[in-house]
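Each remark here refers to the structure printed beneath this line.
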Amino acid sequence: MPSERPAIEPIVTSYKLRFLDDAQLDSLREATFDILENVGVRFHSEKALAIFAEHGARVDRDSQIVKIPRDLVLKAMASVPRHFTLGARDAALDLPLKDGVTYFTNDGCGHKVVDFETGEQRASTKADVAMMARINDYLPSMAMSWTIVSAQDCGATASLHEVDATWRNNAKHYQSVTMMGERLCRYGVEMATALRGSAEEVRRRPPLSIIACTIAPLVQDKEAIEGALVMAEAGLPVLVMSMPTLGTTAPATYAGALAVGDAEVISATVLLQLASPGARVFHCILHAWADPRTAAYVGYPLNCRARYAPVEIAHHWGMPSLGGAFGTDSPEVASWQAAAEVATDPLLVGLAGAEIVTGIGLRDTYTLLYPEAIILDDDVYNQARYALLGMEVSPETLALDVIAKVQPGGHFLAQKHTRTHMRSAMVRSASQQLDEKGKYRDAVAYAREKVAWILKNHHPEPPSAEVQKELDRILAAADRELIEKA
Amino acid sequence: MSEELFEKLTQAVVDGEPEDAEALVEQALEQGIDPLACINQGLMKGIEKVGELFSDGRYFLPELILGATAMKAALEVLEPRLIGSQKREVLGTVVLGTVAGDQHEIGKTLVGTMLTANGFQVIDIGVDKKADDFVAAIVESNADIVGASALLTTTILEQKRLIDTVVEAGLRDKVKVLVGGAPVTESFAVEIGADGYADDAISAVHVARKLISAAE
């Protein structure tokens with residue numbers, strides 16, 4: 001008997017916060033036009049170069065640098081959809097993108113796991129992907145699923161095995177963080193078609209999307225971009241993610257870093273629109289800092305001003321955005337650093353209005369999984385979600401009659417009004433769970449217990465036997481072609 | 001006359017001015033000053049000073065890298081002009097590249113710059129290089145160290161393939177393997193049988209030095 005899952009609880013808010021004014025956003029866009037037209041972007045893909053050449057961009061075959069005139073950028077960007085629906089395996093979990101709603105997902109893509117049973121650190125496997133997909137499926141904070149860790153025991157077809165492990169344990173939309181390259185993405189499209197039954201249904205309710213990472217500064221990876229072209233052609237959404245690092249792969253000034261990151265995202269988006277007009281594309285800039293003494297990747301310096309400016313840049317282009325959150329550099333599951341660095345993330349990204357947000361559940365700068373971390377981060381998420389909900393002011397909530405009844409110096413515990421409202425007045429956080437003696441429990445112990453409970457009790461309905469058989473067949477074919485023959 | 005020029009050369013490296021360093025060595029060569037003396041009495045003093053300033057916290061990475069870049073720019077002019085059997089004293093030869101399927105260049109290039117500035121001869125074979133390409137370069141340059149960079153969880157296993165290929169080529173006793181890149185860890189390096197691991201360009205220099213002295 002498959003188990004029920006609680007309803008998804010995205011951040012829903014009518015509040016909006018803007019850090020950049022229109023003039024600043026226009027200047028940033030002009031910077032992107034300038035970079036695209038005069039500096040160009042290197043595409044390590046003959047296929048991409050041919051598409052650009054065909055549409056009138058200036059292509060230098062030797063350097064593989066494409067310079068895209070402003071008119072071509074504008075023409076291509078006119079067909080990017082602002083909103084669309086991310087289909088889920090289960091139609092009830094489809095995510096219609098819209099203003100005022102921010103959907104969260106887990107983090108990705110880690111490669112180390114602190115084993116839930118043994119506590120030993122080891123390389124991640126397909127079983128970890130399956131386990132975390134099941135936990136994600138249960139949590140209301142998780143609107144969709146991301147590749148939290150890579151299935152390193154599956155070799156070259158790991159990304160396909162990750163889809164398989166996720167769909168068997170999770171009925172939400174799945175965004176692959178690792179699927180790259182034309183051949184793997186063709187198998188990905190085949191898996192989506194097996195799930196949906198037809199190419200038309202895949203296009204109508206895409207159950208799968210991928211991220212295509214750029215290489216800063218101003219380079220597009222062959223595998224990422226050619227995989228993205230395959231997905232876009234099939235009507236599956238693509239998220240173009242740039243990761244400029246201030247001082248090393250981007251200027252040490254924030255605006256310059258955003259301009260580099262934006263130019264990377266827009267150049268890939270233009271390509272996808274030229275190849276498949278109307279392709280669903282997310283915009284994402286996950287900027288970071290390089291430590292000026294060591295070049296170490298730093299996600300959270302003290303001065304993260306306008307952290308979610310990239311969301312505003314995306315919206316200025318008329319694109320939906322992924323906001324990056326929860327990327328603490330702490331390797332500990334529950335340190336002060338792990339919580340403090342990310343504490344304002346969900347609040348700010350919700351206020352910025354990002355359509356989707358990653359990523360709960362990893363430590364050590366997106367690389368290390370503690371299965372229980374997702375429960376702790378879920379708490380931080382929910383603090384923001386509640387903070388952004390409005391409050392009710394009414395005679396019942398003002399309770400003036402009760403205040404008058406209690407009089408100065410009295411107490412409210414003996415009031416019927418209190419009996420009615422006290423249970424819901426406070427939602428317990430992970431650190432406010434009671435033990436049998438009525439004392440607050442250790443939050444990590446609570447989180448571990450919750451993980452164990454979900455794993456024991458939550459068993460979402462898997463895809464039909466027919467679909468599972470078809471997925472098995474596709475995986476076997478992929479393994480034969482990409483592992484055995486290679 | 002030479003002394004004054006050597007001092008300026010030292011200063012160009014300390015100030016991190018590649019154009020000045022290059023112009024100064026051109027000038028030195030025109031004046032018939034010994035190129036090896038330019039290296040030993042000008043550039044080396046400069047890079048040592050840069051190292052000191054970095055170590056005591058006065059210099060940050062950009063100053064360090066610009067100092068190394070100035071040194072490298074001057075070396076590129078001087079090395080082809082060394083007279084007769086003159087040879088720059090090098091600590092060792094390092095073949096450096098990013099593994100197959102991976103286009104990430106910057107980390108590898110920074111490591112190359114730092115190694116060059118610290119007395120190594122660096123053969124940078126570029127990005128997206130197969131294990132065979134690394135091995136061919138090791139054979140051709142008689143390298144002491146091979147350094148392989150990988151930035152993706154999907155490409156780090158190429159570092160193991162490189163080690164296997166080095167073994168198959170019968171070179172494992174002759175060349176030390178140094179690995180690095182964001183997803184690479186010390187334990188992964190040990191697991192695949194690498195000789196050294198560095199998580200940034202500065203520690204790469206320390207590890208390379210250690211590997212060379214251990215080999216000796």
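Only the coordinates and a few stated rules stand behind these numbers; no lab work does. Remember, it's a predicted structure, so these values are computed and weren't measured experimentally. Here the Cβ is made from the backbone with ideal geometry for all residues, glycine too, and neighbour counts use every protein chain on show.
When chain B is described by a simple charge dipole with +1 on each Lys and Arg Cβ and -1 on each Asp and Glu Cβ, the residue from B:83, B:47, B:143 located farthest towards its positive end is B:143. What residue among A:268, A:53, A:311 has its Cα farthest toward the positive end of the dipole of chain A, where the charges are +1 on Lys, Arg and -1 on Asp, Glu, each on the Cβ? Positive-end residue among those listed: A:311. In loop segments of segment A:386-486 as defined by DSSP, the trypsin sites (Lys or Arg not before Pro) with at most 13 further C-beta atoms inside 10 Å of their C-beta are A:428, A:437, A:439, A:485. You can think of it this way: the chain between residue A:306 and residue A:472 has 55.2 nm of extra reach, that is 0.36 nm per residue less the Cα-Cα gap. The lysines within cross-link reach of residue A:405, meaning a Cα-to-Cα straight distance under 24 Å and a gap of 8 or more places when in the same chain, are A:416.
When you filter the trypsin sites (Lys or Arg not before Pro) in segment B:167-216 for DSSP loop state and at most 16 other Cβ atoms inside 10 Å of their Cβ, you are left with B:172, B:174. Length gained on full extension, residue A:296 to residue A:461, computed as 0.36 nm times the residue gap minus the Cα-Cα distance: 55.1 nm. With both residues required to sit in chain A, DSSP beta bridges show an antiparallel share near 40%. Taking label positions 7 Å along the Cα-Cβ direction at both residue A:47 and residue A:481, the computed distance is 1.2 nm, reported to one decimal.
Excluding same-chain neighbours fewer than eight residues apart, the lysines reachable from residue B:129 by a Cα-Cα span under 16 Å are A:222, B:108, B:160.
What FRET efficiency would be calculated for the residue pair residue A:421, residue A:77, taking the C-beta separation as r and a Förster radius of 60 Å, to the nearest 0.05? Once rounded, the FRET efficiency stands at 0.75. Computed about its Cα centre, the charge dipole of chain A is approximately 760 debye, with only Lys, Arg, Asp and Glu carrying charge at their Cβ.
Placing R0 at 30 angstrom, the Cβ-Cβ distance between residue A:99 and residue A:54 gives a FRET efficiency of 0.25 after rounding to 0.05.
For peptide A:407-420, the mean count of partner chain Cβ atoms within 10 Å of a residue's Cβ comes to 0.
The angle between the Cα long axis of helix A:126-138 and the main principal axis of chain A comes to about 50°, on a 0 to 90 degree scale. Here r is the Cβ-Cβ distance between residue A:332 and residue A:452 and R0 is 25 Å; the resulting FRET efficiency, rounded to 0.05, is 0.75. Among the GluC sites (Glu not before Pro) in segment A:1-77, those located in a DSSP loop and surrounded by at most 11 other Cβ atoms within 10 Å of their own Cβ are A:4. Listed by Cβ neighbour count within 10 Å, with the fewest neighbours leading, A:213, A:284 appear as A:213, A:284. Going down the table (B:130/B:174; B:45/B:210; A:67/A:172; A:172/A:456), which pairs top 30 Å between alpha carbons? Pairs exceeding the cut-off: A:67/A:172. Cross-link partners of residue A:439 among aspartates and glutamates, defined as those whose alpha carbon lies under 17 angstrom from its own and excluding same-chain residues fewer than eight positions apart: A:449. Compared with the alpha-carbon gap, the fully stretched path from residue B:4 to residue B:203 is longer by 68.3 nm at 0.36 nm per residue.
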